[in-house]
Structures are given as C-alpha cells and as structure tokens.
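Structure, as structure tokens:
The values are calculated or read from the model by the stated rules, or taken from the named source; none is laboratory data. Here the structure is a predicted model, which is why all the values come from computation and not from measurement. Using ideal geometry, Cβ is built from the backbone for each residue, glycine included, and neighbour counts are taken over all protein chains shown.
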Amino acid sequence: IKIKIVDIPVPITIGPAFEGETIRKKDAHVEFGGGRSTSFELVRMCEADEVEDGKIQVIGPEIDEMPEGSVFPLGVMVDVYGRKMQEDFEGVLERRIHYFVNYGEGLWHVAQRNMMWVRIGKNAKELGFKIKDIGEILIAKFKSDYPAIIDRVQVTLVTDKDVIEEKIKLAIAKYSARDARLKGLTDEAVETWYTCTLCQSFAPNHVCIVTPEHVGLCGAVSWLDAKASNEITPTGPNQPVTKGDCIDPVKGQWQNLNEFFYSGSNRTIEKVNFYTMMEDPMTSCGCFEAIMAILPLCNGVMLTTREHTGDTPCGMTFSALAGTCGGGVQTPGFMGMGRRYLCSAKFIPADGGLARVVWMPKELKEFLGQDLIDAAVAAGLGADFVDKIADETVGTDEEAILPFLEEKQHPAITMDPMM
Ligand code: SF4
Ligand code: ZN
C-alpha cells in the first residue's frame, strides 16, 4: 500500500497509524449516530457548476456549542465533480469516508450509510479540532487519493436536528437506487467475483469475497462497488477472481477462491465454504453490521446487530459476539454479515437458508421490512414467515423462544439437525 503524505490544515495528526484506535464513550467529547441520533454519509456525483472546490459548510452547531458527553446528529455530504467520475463510483468513494475519518488521531468512525457512528475524542477537542475539520480531511484525502476521477470536492456537515431529517431523505433515496441496481444479478450470472481486503488494516488475515448475492459484511461494499473500485484502482483492495474448479457445489467451495484465500490471508486460511456457516465459513473482520450464531436447542440461527445492545438467545450481546468472532478468523457456527445478506437467495443455502432464522431483534425486522417478507415469499416460506421469527419481546434465551417457535410451527423445528 502506497501512503501519500498530504498536508491537511487540521490541529490533529492524520495517518493510517491511528486507524485502529478506539475511542471509548468516556473519552469522547461528543458522539454522533450509532442509533443514538440521526446520522448519514453520502457521496454524490454532481455537475461542475454545483461544486465549489474546497468549500466546507457546517449547518448547525460547531463543536464549541456541544457540551462534553453530548450526542448530536451528523450528516456528512461529499459532493464530487470529475470528468471521469461515474455514478457507480459513489458507493466506493463513500466507503472511503470510514477510513479517512479514522486516520485522524482522536476520531473514531464505524459502520456506514445511515448507520454511521462517529466519536470525537476529548483530546482532539482540546487541540482545537472542529466539525469543519472533518471536511478538511475528506477534501484533502479524496483529492490526493483519487486525482484521476475527482476534480472538485465540497463537503457539507449537518449537525442541526431539523435540517438533517430533511437531508437524510436524499441519502436514503440514493442508497435504495444503488441497491436496486443489484437486484436481478445472481452469483451464477457473473464470471467474476471480487475480493475485498480493505479491512486488513484492522484484521490482517481477513478477506471478504463479494458477489452479486453476498454484500461485504460491512454492508458497504456490493459487487458493483467492488467492480467499480477495481476500475478506479486496478491494483487496489478489490481484485477480480474467477471461481475455478468447483470442489463442493452445495457448501460453495471453489479451487481458485481457496487459493486466493490462502495467499490473501497470509497463509492462515486454506479453504472457505461460501454457502455455509457451519464448516470453514468466511472470516469476520470487526465491522460487520450483523452477526449470526447457531442456536442448537432451536435447531436454527439467530442474528443480532450492532444497533441492538441487548441480550440475545445465544447468551452473548453483539459486542461480546464481535469480540469472540472478529479479527479475521473462521468461527464455525458464527459469521459476521451485512444486514441485507439476510434477504439474499444465497443466505447460507447449505444450512437451509432463511428458514433457519429463528430470532432477530425487532429493529432488524423493521429495518428490512418488505424486503424480508419478499425474501421469505421467494424462498417459499410464505409472507407470514417473518411473524414466526422470535425477537426480544418473545424472549432472550433459547428456553423462552422454543415454545413460541413450536406454537408458530416455525420450519426450523422440523428441519434436519444443524450439527
Ligand atoms: Fe471490504 Fe469486507 Fe471490510 Fe467491507 S468488511 S470493507 S467488504 S473487507
Ligand atoms: Zn471490516
């Protein structure tokens, strides 16, 4: 990886060395998003006359008006103009916000889109860091890293609680349009899948394989994004792979993918089954949106999300699960995932697919909404399948949810044993 040194006019140090830095709640001056307030980030392709290069605007309070320990909304809007820019590149550039913000000492960023969660540390505040400086970092990094496609950048940072509710509508419409472009593409329909090794700065042996039906587990890198990213930076973190000889069509194991995993994981992972979580599953880094875990008593799997802080029937909260299964190792019976992977026809097909899902937080059911119902119908489970899935209102241990599953005649109860 080439590291370019650019001069960024901010009072904190910027560099990849700070990427893995965590900022605990007690060390944060202010935090944004993460389920505590409205947040989003959006990169938009604009016309030349819509972008004033270098312009940074803060709509709402600056950091001096934010008391220590407070929570504010944050919208990060990056408008880009470039003669070679394409709409397909937006999602790729948007994912870079995560890395660029984390380069700042005293800045912490997780998740993406309208799940984004940011903390500014007390140390950064004391050095005089301002909300506006997020714009300085983004403009400098985007221009230095993508000179071939970006000619002008402007950044708008929204911290006003009324304005953000208006602006987030733009972002949500963009996210759905991007997701819609992927619909109809299947794993089989394309020759080439893509790897993603962006997270190796956090999890050195972690490799994601991104396919039309399997979004990267951060939820932010789709197959189209990976393809666009490879067009922008052919030697970058997203490399095309052809599957090669099929070793196991059911569990989803291919020769070339195994070879890629072996070299890509610094020779720690020899084989990966793409369609099961039970045997040699994909690795998990640390930034997955959701994680699934086997529930042996219920003969099914549960999912929980970063946003759901409560207990779950596997006996662990999201952060405990993330601590156990993250870091780029294979953990049979557990797997990190992007939220939308649940609605994919390739959701752990070798384990029984969506029919295996017996528990998830209410929040996730609501988030996926009609898409989850459509996925259940497509899988032949019926539109009422979602009502058969237990959530925290039914119970948070296996003994409590089993009678519910039996009463609802959840299909997992009568399926083949998972292990
Ligand atoms: Fe790439 Fe996977 Fe990290 Fe997402 S989680 S940035 S797809 S390596
Ligand atoms: Zn990651």
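Structure notes:
- Residue in the stretch 315-329 that is surrounded by 20 or more Cβ atoms within 10 Å (Cβ to Cβ) and either more than 16 Å from ligand 2 (Cβ to nearest atom) or of a type in the set (S, T, N, Q) (or both) present: no
- Test: residue in the stretch 131-143 that is part of a loop (DSSP other than H, G, I, E, B) and either of a type in the set (A, V, I, L, M, F, W, C) or within 24 Å of the chain's Cα centre (by Cα) (or both): no
- Subset of the stretch 397-419 that is outside any helix (DSSP H, G or I) and without any contact (Cβ under 8 Å) to a residue 40 or more places away in the chain - its residue that is surrounded by the most Cβ atoms within 10 Å (Cβ to Cβ): Lys408
- Consider the stretch 268-292 and keep the residues that are at pLDDT 95 or above and either of a type in the set (Gly, Ala, Ser) or not in a loop (DSSP other than H, G, I, E, B) (or both). The one that is farthest from ligand 2 (Cβ to nearest atom) is Met292.
- Qualifying residue in the stretch 179-186 (condition: surrounded by 18 or more Cβ atoms within 10 Å (Cβ to Cβ) and in contact (Cβ under 8 Å) with a residue 24 or more places away in the chain): no
- Restricting attention to the stretch 228-263, the residues being without any contact (Cβ under 8 Å) to a residue 60 or more places away in the chain and within 13 Å of ligand 1 (Cβ to nearest atom) number 6.
- Condition check for Leu198: within 11 Å of ligand 2 (Cβ to nearest atom) and of a type outside the set (Gly, Ala, Ser): yes
- Some residue of the stretch 251-267 being more than 16 Å from ligand 2 (Cβ to nearest atom), part of a loop (DSSP other than H, G, I, E, B), within 26 Å of Ala293 (Cβ to Cβ) and touching a Ser or Thr at 6+ places or on another chain (Cβ under 9 Å): yes
- Extreme residue, surrounded by the most Cβ atoms within 10 Å (Cβ to Cβ), among residues of the stretch 211-223 that are near ligand 1 (Cβ under 6 Å from one of its atoms) and under 21 Å from Asp280 (Cα atoms): Gly216
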